[in-house]
Amino acid sequence: MHTPPLQLVIGDKNWSSWSLRPWLAMKVAGLDFEEVDVTLRQSAETKAQCLSHSPAGKVPVLKWADETIWDSLAILETLADRLPDARLWPEDAQARAHGRAISAEMHSGFTALRRDMPMDCTHHRPGEGMNDAVAEDISRIIAIWTEARGRFGEAGGGPYLLGTFSIADAMYAPVVSRLETYAPDLVALGDRDGTARAYMETINSMTEMREWVLGARAQMGR
Ligand SMILES: N[C@@H](CCC(=O)N[C@@H](CS)C(=O)NCC(=O)O)C(=O)O
């Protein structure tokens, strides 16, 4: 696929769930891009590094030739818009609308899960972080995955939320990672038919997802 020089500025792979989202989609799309790493959790230094890439002062940031696009979902939508051959959204308009709704819900919501079960993809911390608000978030996520798989997954011809890999999967991949790390009881939280568990296997077995976790291990020296 012919693209201008692309740079993706991302945070530490162990923690930066927002960075994982566009990184994963760009890898799945087979894009050739330079990865620029910013070290998070260094307070003033992190802020200065982030600000040197984007006025929003956060990562991820996509540099597309001389243009700067910040914010995970804006980056993903820009990629879908400019690289239609990458098929980051399904062709079916209803599936696409549904994918946009669940991606937006992820982007703007699930604050309890994000706060109390932060992504920490090189660790296993079963039982940590659970509380009523987190349980409510996880139950809603299980319902989202189950509905998407039931309505669009099989019809779309693949094991992902809307069939083949889409932006919706990129948005939920860090949630899969969190659920692996903190290992809540998915059945008790609503995964009675195992759809959520099966979807997690799909995401975990992606070579690109494995590459991210290997990168996180290397950065963490583990
Ligand atoms: N809504 C933004 C959130 C980005 C975000 O919060 N990024 C974190 C890292 S995962 C960050 O840059 N933190 C550095 C800081 O706040 O100083 C997006 O979707 O990209």
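FYI, it's all coordinate maths here, none of it is from the lab. Small disclaimer: the values here were computed from a predicted structure and weren't measured. Methodologically, a virtual Cβ is constructed for each residue, glycine included, from the backbone with ideal geometry; neighbour enumeration extends over all protein chains shown.
Farthest toward the positive end of the dipole of the chain, out of Ala133, Leu83, Trp18, is the Cα of Ala133, where the dipole comes from beta carbon charges about the Cα centre. Loop-located GluC sites (Glu not before Pro) across the stretch 117-222 with a Cβ neighbour count of 11 or fewer within 10 Å are Glu154, with loop assigned by DSSP. Counting only lysines at least 8 places from Lys63 when in the same chain, those with an alpha carbon closer than 17 Å to its own are Lys27.
A Förster distance of 30 Å, applied to the separation of the beta-carbon atoms of Asp132 and Ala198, puts the FRET efficiency at 0.70. Per residue of the chain, the DSSP helices (runs of n ≥ 4 H) give a summed -39500 (n - 2.57) that works out to -16000 deg cm²/dmol at 222 nm.
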